[in-house]
1. Return the residues of region 1-23 that are hydrophobic (A, V, I, L, M, F, W, C) and at pLDDT below 95; say none if nothing qualifies.
2. Among the listed residues 136, 131, which satisfies the condition of being in contact (Cβ under 8 Å) with a residue 60 or more places away in the chain and among the hydrophobic types (A, V, I, L, M, F, W, C)?
3. Go through region 4-24 residue by residue and tally those that are closer than 25 Å to residue 132 by Cβ and not in a helix (DSSP H, G or I).
4. Looking at 109, 97, which is the one that is among the β-branched types (Val, Ile, Thr), in contact with a Ser or Thr (Cβ under 6 Å, 6 or more places away or on another chain), in a strand (DSSP E or B) and touching a residue at least 40 places away in the same chain (Cβ under 8 Å)?
5. So, residue 51, is that one modelled with pLDDT of 95 or more and closer than 22 Å to residue 109 by Cα or not?
6. Filter region 136-166 down to the residues that are farther than 18 Å from residue 18 by Cβ and modelled with pLDDT of 95 or more and list them by number.
7. If I filter region 5-26 for residues that are more than 15 Å from the chain's Cα centre (by Cα), of a type in the set (Lys, Arg) and within 19 Å of residue 149 (Cβ to Cβ), do I get at least one hit?
Amino acid sequence: MRAHRFEFSSLFRQPAARLWGFHMRPDAFRLLTPRAMRMRVLDPGSGVAEDSVVRFEVGVWPLRQRWSALHGAVHAGRSFTDVAIEGPFAYWVHQHTVTEVTRATSRLTDVVWFAPPSWLRHRPGVALVRLVLKGLFAWRHRQTRRHLDHRAGRSLTCNRAAVCSA
């Protein structure tokens, strides 16, 4: 089994503490999951905390997939990692890192190491996973920006694809 690395990073006009705080919200996972994925949290665990396990389902029957993710390597204000202990991927580790750039700006970097299910391990399958991850994380970073800008009182303009800008 070979693990593949995917990285997505964005700059935010928000202090690092505020960006981190958004990810600590109890509803952050729901806010950062596209409705089309049909995600349902079965057990939120203890949120983003060391050794907390979140259990959820994604998709529609008969393709619904159950996931369990263990949170660990939690460094308050900086980073945390979730590791799939149940799910469709043979291997899945997702590291979330918030870095202060200046007092008023920060960077969010998501790094995912993954090994696709056996039926997707060929080259086109890995390329497809990367394409889906790129779209998902671009959407998640836009949503993060939208929620943070809205809470900061900045007016937002959004198009139909939920692409927002201040």
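1. Taking region 1-23 as the starting set, the residues that turn out to be hydrophobic (A, V, I, L, M, F, W, C) are 1, 3, 6, 8, 11-12, 16-17, 19-20, 22.
Correct list: 1, 3.
2. Details: 131 fails: in contact (Cβ under 8 Å) with a residue 60 or more places away in the chain.
Of the residues listed, the single one that is in contact (Cβ under 8 Å) with a residue 60 or more places away in the chain and among the hydrophobic types (A, V, I, L, M, F, W, C) is 136.
3. To start, the set of residues in region 4-24 that are closer than 25 Å to residue 132 by Cβ comprises 4-12, 19, 22-23.
Now restrict to residues that are not in a helix (DSSP H, G or I): 4-12.
Number of matching residues: 9.
4. Result: 109 is the single residue among 109, 97 that is among the β-branched types (Val, Ile, Thr), in contact with a Ser or Thr (Cβ under 6 Å, 6 or more places away or on another chain), in a strand (DSSP E or B) and touching a residue at least 40 places away in the same chain (Cβ under 8 Å).
5. Details: modelled with pLDDT of 95 or more: yes; closer than 22 Å to residue 109 by Cα: yes.
In short, yes.
6. 136, 137, 138, 139
7. yes
Every residue, every condition in (1) among the acidic types (Asp, Glu); (2) under 17 Å from the mean Cα position of the chain (by Cα), yes or no:
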residue	(1), (2)
49	no, yes
53	no, yes
57	yes, yes
77	no, yes
123	no, no
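The values are calculated or read from the model by the stated rules, or taken from the named source; none is laboratory data. Since the structure is predicted, the reported quantities are computational estimates derived from the model, not experimental observations. Here Cβ is always computed from backbone atoms with ideal geometry, including for glycine, and neighbour counts include all displayed protein chains.
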